[in-house]
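Just so it is clear, none of the values below were taken in a lab; they were calculated from the coordinates. If you're wondering where the values come from, they're calculated on a predicted model, not measured in any experiment. No Cβ is skipped: glycine too gets one built from the backbone with ideal geometry, and neighbour counts run over all protein chains shown.
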Amino acid sequence: MNGEKQARPRVDRRTTLKWLAATMAAAQAGCAGETPFVGPEIPPAPARGDALLGAAAAPRGAGYGADPDLMHPSVPWSRTLSDGQLQTASALADIMLPADGRSPAASDLGVTDFIDEWVSAPYPDQRRDRETILAGLEWLERESRSRFGASFAAAGESSKKELLDSLAWPVASDADLADGVEFFRRFRYLAVGAYYSTPEGMRDAGYVGNVAINGPYPGPSDEAMAHLEGVLDKLGLELPD
């Protein structure tokens, strides 16, 4: 991670909280479950003195409760990732969602700050994800230094991809990497959800939002109807009259 990346201002809390609320609403179908995915291959995140990335600060603060003051919003918890964890998370997010001719890299849009917000929040799903993600980031760092002699953030792109391929393709992975596969899956779910909640991500996906129609509603396009009929056919259903 170069100096420019480290010096980039962090995304404000109000923005990351909007992403947090949107992702929490969609996360129920993809949550990590009741059992933390931390086992022998990826051990729990080490104590402060043993962590290559530095230890995350202890979570502080309660949640919003049942009646938040929406007119004067404030964040009742602190963000907790260490600088080393943020750098590794940025490098990982940028491998998943790199800059291209249309859109910026994930870290340039503040996806790393969203990850920090998510694992620092005091809710059950976030606390479960915190254990998975902190341990996974530390594992990535140790593996990168062991294999390539460089931190994950400083390793070459081909080295990063080589390491991540063992997690991204579980069919070809060693069975002992099941915890790493779950870490990669969960991190990717959160990073992609945050990225495509930004205006830049929405544009990249081709989402234009609600558009005013001049005149009567013409109905769905032929392409949309063909797609719907295809989905219904796979489900053994017919399009109603």
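Test of understanding: what is the full-extension gain from residue 204 to residue 18, defined as 0.36 nm times their sequence separation minus their Cα-Cα distance?
65.0 nm
Reachable aspartates and glutamates from residue 161, Cα under 13 Å, same-chain residues fewer than 8 places away excluded?
List returned: 94, 143.
Could you sort 77-86, 135-144, 213-222, 189-198 so that the peptide with the highest average Cβ count within 10 Å comes first and the rest follow in order? Walk me through the numbers on the way to the answer.
Values: 77-86: 19.7, 135-144: 23.4, 213-222: 7.2, 189-198: 21.5.
Listed from highest to lowest mean packing, they are 135-144, 189-198, 77-86, 213-222.
So how much slack lies between residue 71 and residue 143, counting 0.36 nm per residue of separation and subtracting their Cα-Cα distance, in nm?
Here the answer is 21.3 nm.
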